[in-house]
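A short write-up of the structure that comes next.
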Amino acid sequence: MTKLLHTFPDTNAFDQKALEAELDYVVNSHAGRTTLAESYVGLPFED
């Protein structure tokens with residue numbers, strides 16, 4: 001998440017565009033939001 005939400009002076013134009021595309025996926029895609037949530041809280045708990 002740090003790379004997605006912050007800019008660093010040594011990031012080249014190509015890498016910056018790739019990070020912007022990844023952020024767009026996380027923000028605007030249900031699958032992207034699910035992936036992010038599972039990464040932070042874990043997979044669904046089953047009894």
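Only the coordinates and a few stated rules stand behind these numbers; no lab work does. Being a predicted model, the structure only gives us computed values, none of them experimental. Note that we place each Cβ from the backbone using ideal geometry, even for glycine, and neighbour counts take in every protein chain shown.
In segment 26-38, the residues that are without any contact (Cβ under 8 Å) to a residue 40 or more places away in the chain and closer than 14 Å to L5 by Cβ reach residues that are surrounded by 11 or more Cβ atoms within 10 Å (Cβ to Cβ) and among the β-branched types (V, I, T) with C-beta atoms within less than 8 angstrom, at least six apart or across chains, in these pairs: V26/T35; L36/V26.
To keep it simple, each residue is scored yes or no on (1) outside any loop (DSSP other than H, G, I, E, B); (2) exposed (fewer than 12 other Cβ atoms within 10 Å of the Cβ); (3) out of contact with any Phe, Trp or Tyr (no Cβ under 9 Å at 6 or more places or on another chain).
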residue: P9; (1), (2), (3): no, yes, yes
residue: R33; (1), (2), (3): yes, no, yes
residue: L36; (1), (2), (3): yes, no, yes
residue: Y40; (1), (2), (3): yes, yes, yes
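Against the criterion of being on the phi < 0 side of the Ramachandran plot, surrounded by 12 or more Cβ atoms within 10 Å (Cβ to Cβ), aromatic (F, W, Y) and not in a loop (DSSP other than H, G, I, E, B), Y25 qualifies.
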